[in-house]
1. Please report the net charge: other residues with Cβ closer than 9 Å to the Cβ of S96, K and R +1, D and E -1.
2. For the chain, give me every cysteine whose Cβ has no other Cys Cβ within less than 4.7 Å, ordered by residue number.
3. I want to verify a result. In a Gaussian network model of the chain, Cα cutoff 10 Å, which of these has the top mean-square fluctuation: Q52, Q249, Q68?
4. How large is the Rg to Rh ratio of the range 134-241 when both quantities use alpha carbon positions and Rh follows Kirkwood?
5. Have a look at N278, N99, N56 and tell me which one the Gaussian network model of the chain (Cα, springs below 10 Å) gives the largest fluctuation.
6. Remind me, relative contact order of the range 2-281 in percent, using alpha carbon pairs under 8 angstrom and six or more residues apart?
7. If you split all Cα-Cα distances of the range 79-135 into 5 Å bins from zero, what percentages do you get per bin, shortest first?
8. Could you quote the convex hull projected area for the range 212-293, Cα atoms only and averaged over all directions, in nm²?
Amino acid sequence: MANSRALFFAFVALIAVGWGAVVVVVVDANFASETSCNWGGANCKIDGDNLQFILNKWSGAGIVTKQQFIFGSIEMQIKLVPRDSAGTVTTYYTSSTGNKHNEVDFEFLGNVSGQPYTIHTNIFVGGVGNREEQFRPWFDPTDGYHTYTIFWNPSMILWSIDGTPIRVFKNRNSKGIPFPLSQPMKGYTSLWNADDWATQGGRIKTNWSHAPFIANYKSFQQRVCAYAGPNSARQCAAPSAANWYTAPQYKTLSRSQIDQLNSVRNKYMIYNYCKDTNRFNGKMAPECSYPPY
Ligand SMILES: *[C@@H]1O[C@H](CO)[C@@H](O)[C@H](O)[C@H]1NC(C)=O
Ligand SMILES: *[C@@H]1O[C@H](CO)[C@@H](O)[C@H](O)[C@H]1NC(C)=O
């Protein structure tokens with residue numbers, strides 16, 4: 001597995017060198033080489049391609065990728081806190097910095113034993129979020145590892161689980177809808193206590209007698225265009241073999257991806273900001289007038 005991945009990345013690197021025009025770093029990522037703990041001290045355990053977060057009364061834990069990037073995909077396998085995870089939140093997101101930052105979020109809100117997690121998603125563009133969509137998992141996210149992917153290219157941002165697209169945010173810049181194109185991002189994940197709001201609206205608190213709460217991660221893959229200064233936005237957006245995410249098949253979703261997306265959204269979506277007319281007083285975000293793909 002590790003070997004075949006290394007080979008694959010060597011292959012991509014060769015293409016990159018062959019193409020010559022653009023300097024792209026495609027790395028065979030693992031947690032140890034590509035990320036560092038930015039929170040939690042001993043509660044943050046990186047061991048090669050495995051990562052473990054521990055949440056106890058004193059601290060949670062978090063990591064951040066070392067590389068800033070523009071476009072590409074960030075993927076990891078996560079086994080969420082099992083059994084009573086009420087009050088805990090596991091995050092997985094990409095973000096730029098500054099007060100007009102962009103951010104693409106997955107958050108997993110825990111629950112009491114036997115009750116389902118909530119998969120929460122959001123996107124901030126130019127510092128503005130308020131674009132929450134929530135889903136029930138159609139699988140048990142604690143029974144084993146599941147793959148979560150954030151994909152970003154000049155045409156769209158795509159959230160997928162085990163290869164199934166659940167949400168897409170398209171570049172509709174030409175319609176006056178903002179889309180992240182130039183700010184470099186990093187990838188983050190963390191486990192923390194959010195019992196003031198996370199579970200059943202904050203009514204259910206973290207039961208510390210069930211601590212430590214543990215989330216496990218593996219198979220981190222970062223296939224991104226490394227940020228190397230102000231020219232990167234243009235270089236990383238340029239269609240080329242090295243910029244793999246610019247290939248024609250990534251410009252739009254395929255028919256079967258649209259079918260999968262619609263099916264998940266019909267069956268498992270539990271909140272959609274585009275439907276929450278009360279919250280926004282009927283003034284819905286402009287992207288809400290378009291189909292969700
Ligand atoms: C927890 O379970 C309850 C009852 O099934 C459900 O209403 C709630 O949405 C679930 N998730 C969270 C995060 O509270
Ligand atoms: C917390 O967990 C303990 C051990 O399972 C249980 O006895 C207790 O009732 C739980 N507390 C609450 C508030 O649910």
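1. Numbers: positive: K100, K186; negative: E103.
Once all neighbours under 9 Å are counted, the net charge is +1.
2. none
3. Most flexible of the set in this elastic network: Q249.
4. Working: Rg = 18.2 Å, Rh = 17.5 Å.
That ratio equals 1.04.
5. In the Gaussian network model the winner is N278.
6. Working: 645 pairs, mean separation 76.5, N = 280.
Computed over the range 2-281, the figure is 27 percent.
7. P(r) for the range 79-135, in whole percents per bin: 5, 19, 24, 19, 14, 11, 6, 3.
8. Working: hull surface 42.0 nm².
Projected over every direction and averaged, the Cα hull of the range 212-293 covers 10.5 nm².
Values in this text are rule-based calculations from the coordinates and carry no lab data. Remember, predicted model here, so these are calculated numbers, not experimental data. Here Cβ is always computed from backbone atoms with ideal geometry, including for glycine, and neighbour counts include all displayed protein chains.
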